[in-house]
Amino acid sequence: MNKYTFTTVLTLLLLVLILPVYAYLEPFRMAQDQADLRQEFVADAAVIYVQNCAVCHGASGAGIGATPTLNNPGLREADYDFLYKTIARGRYDTIMTGWHTEEGGILNDYQIDELIALIRYVDWDLVGELAAVQGLIPPTLPVPAVDVTLLADVTALDPQGAVWAAGMQLFANNCAICHGVNGEGSDLGAPLNTPEVRAKETAVLVNTITNGVPGSAMVAWDNALQPDKIEAIAAFLHNWDAIAAQGLALMPPEPVQIDLDNPQDVLALGERIFTATCTACHGDNGSGGIGPALNSQQALTSRSDAQILNTIINGGHRPNSPMPAFGDRFTSVELQALVAYIRAWEPTAPIVENPRGTAQGGGPPWLRATSDGAPAQNQ
């Protein structure tokens, strides 16, 4: 056999071996290429979304007020034409305008396809992170601003409307953080705007709010709210459906744009988060209450920023601690801002007699001090 014949035979043998392997691997290659292209679409669309859509639909696609959430299975499985037409042409009689250039918008066909890929495949937590890194801070655990006109409208609904309105204001300031602006619930608190809650007797609701629920994040509010205020919240919960039937509802705040390169903006963000999220348990300016006093030399000099951050992310480490984990609720930018705000207290933080908080009783008996400041005897 001459060398030319040998080369030909060898080439044929290689083709016989390689072609089946190639044919077998081709579907996997195509699937990977499609996944890579989809990821490229999603990454590009996330930037478009943060710059143009987040102000109405929320930084993490959760919706704001009457604007619908985009983070839901129904939309992820929706027909392509429906999604395309909604984004391109808008929705009649809503604030959703057409975004295609032919409708007076700024997006072309390719960009709208990218947004459809985002709706179907994105991890919305990552979009929230992207928004936060660009200084667009989502209203995580929002405290809704209650308009005086809204309270007046609620008051006018019923002879007891003034009590309902007071309860609505108290709910917005104290309960929406965990239970949702519209009582829809969250991973921190149960839904409250439900027929089951409205069916409970007033005494049961009052007792739950007053004494809390052991073993859960629902703490006792008897030290923070007077009995008449707790009763007003119960009245609001009982009549939430009647209020909503008149088109009256609490509205969450919109995302806030801040300059992350400005330390004062970052501290202001940390203060806003602490006030909305932490004050109910840790007191105004971290002075303590149900939870430990954070604005104290004991707390701040003994803990590093990393330890404070770990507690916020993972919750309290003591057995039966009511401190919930907030790691899934905040973006990394918000977490760092909250730590920076708490750390800023250190230069002026006082020595607190009972830094662990009233719920803990100041520690075990043998560590407590007597009224004259001397250590107590073993009990």
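Coordinate-derived values only; no laboratory data. All figures in this text were calculated on a predicted structure; none of them were measured in a lab. Cβ: placed from backbone, ideal geometry, glycine included. Neighbour counts: every protein chain shown.
Couple of notes before you dig in:
- ³J(HN,Hα), Karplus 6.51/-1.76/1.60, whole Hz, each residue of region 162-168, x for Gly, Pro: 5, 5, 4, 5, 4, x, 4
- In Å, descending, principal axis extents of the Cα set of region 36-134: 32, 31, 26
- Residue-count net charge about residue 221 - beta-carbon cut-off 14 Å; Lys, Arg +1, Asp, Glu -1: -2
- Each pair of Cα atoms in region 258-361 enters the Kirkwood radius, and Stokes-Einstein at 10 °C and 1.306 mPa s then converts it into a translational diffusion coefficient of 115 µm²/s.
- For region 57-102, the share of alpha carbon pairs falling in successive 10 Å distance bins from zero is 26, 54, 20 percent.
- Debye log10 I(q)/I(0) for region 151-278, one point scatterer per Cα, at q = 0.15, 0.20, 0.23 Å⁻¹: -0.75, -1.17, -1.44
- Coupling constants for region 265-276 follow from the phi torsions by the Karplus curve (6.51 cos²θ - 1.76 cosθ + 1.60, θ = phi - 60°), and in residue order they are 5, 5, 5, 5, 5, x, 5, 5, 5, 4, 4, 6 Hz; glycine and proline get x.
- Selected from 97, 134, 87, residue furthest toward positive end of dipole (region 36-134; charges at beta carbon): 97
- Phi-based couplings in Hz for region 234-240 (Karplus 6.51, -1.76, 1.60; Gly and Pro marked x): 4, 5, 4, 4, 5, 10, 4
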